[in-house]
Amino acid sequence: MSKQQLYYEDVSVGDEIPPVTDSVSEVQMFFFSAATNNGHRIHYDLPYAQSEGLPTILVHGPLQAALIARTITDWIGPAGRLTSIDIQNRGSAVPHQEITFGGLVKEKIEKDGQYLVTCEIFERNDADEVLMPGSATVSLPSRAD
């Protein structure tokens, strides 16, 4: 199925990036650890994580960042481009917990022939706590081109 293309003219300041709710499984975390060569035991070893004072194993911060980025790139469509992303990891996600990714359009500018949209982005847990706030800028095609 092809994805819908978002154009610069379709976006207004204040628009919401459609929220996406997901959860991460231990299997997904295992493969992410393998793919990124991240062997930190807090991501797969429950007794070790608990010995570190954690209630359970934790979802990798970079995996959460990848899920935020996927939410944005799915929203902008195949001809859009994520030009920058800046996030802060302020909280922990745990396996099977619902986490929601989304954002708001904050600014639109035309610069050097590019049609840029800056957004405030977030990841929230099921208690509506912001785990990862940040910002992203995307370049969108214009209908005028």
Modelled with pLDDT of 95 or more, surrounded by 13 or more Cβ atoms within 10 Å (Cβ to Cβ) and within 23 Å of Cys119 (Cβ to Cβ): does that describe Thr83?
-> yes
Could you say which residue among Asp128, Asp145 is at pLDDT 95 or above, among the acidic types (Asp, Glu) and part of a loop (DSSP other than H, G, I, E, B)?
-> Asp128
So Leu58 clears everything in (1) out of contact with any strand residue (DSSP E or B) (no Cβ under 9 Å at 6 or more places or on another chain); (2) in contact (Cβ under 8 Å) with a residue 12 or more places away in the chain; (3) surrounded by 14 or more Cβ atoms within 10 Å (Cβ to Cβ); (4) not in a loop (DSSP other than H, G, I, E, B) except one condition, right? Which one?
-> (4)
Mind listing just one residue for me: the one in segment 106-141 that is surrounded by fewer than 16 Cβ atoms within 10 Å (Cβ to Cβ) and among the aliphatic types (A, V, I, L, M) and, of those, nearest to the chain's Cα centre (by Cα)?
-> Val130
Do we find that Val24 is more than 19 Å from Thr137 (Cβ to Cβ), touching a residue at least 60 places away in the same chain (Cβ under 8 Å), outside any strand (DSSP E or B) and touching a helix residue (DSSP H, G or I) at 6+ places or on another chain (Cβ under 7 Å) in this structure?
-> yes
Would a scan of segment 95-105 turn up a residue that is of a type in the set (Phe, Trp, Tyr), in a helix (DSSP H, G or I) and crowded, with 16+ Cβ neighbours inside 10 Å?
-> no
Does Ala66 satisfy being surrounded by 12 or more Cβ atoms within 10 Å (Cβ to Cβ) and without any contact (Cβ under 8 Å) to a residue 40 or more places away in the chain?
-> yes
For segment 67-107, name all the residues that are touching a strand residue (DSSP E or B) at 6+ places or on another chain (Cβ under 6 Å) and acidic (Asp, Glu).
-> Asp86, Glu98, Glu107
Taking segment 92-123 and the residues there that are in contact (Cβ under 8 Å) with a residue 40 or more places away in the chain and of a type in the set (A, V, I, L, M), the one that is farthest from Val11 (Cα to Cα) would be Ala93
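The values are calculated or read from the model by the stated rules, or taken from the named source; none is laboratory data. Source: prediction; values computed, not measured. All Cβ positions, glycine included, derive from the backbone under ideal geometry; neighbour counts span all protein chains shown.
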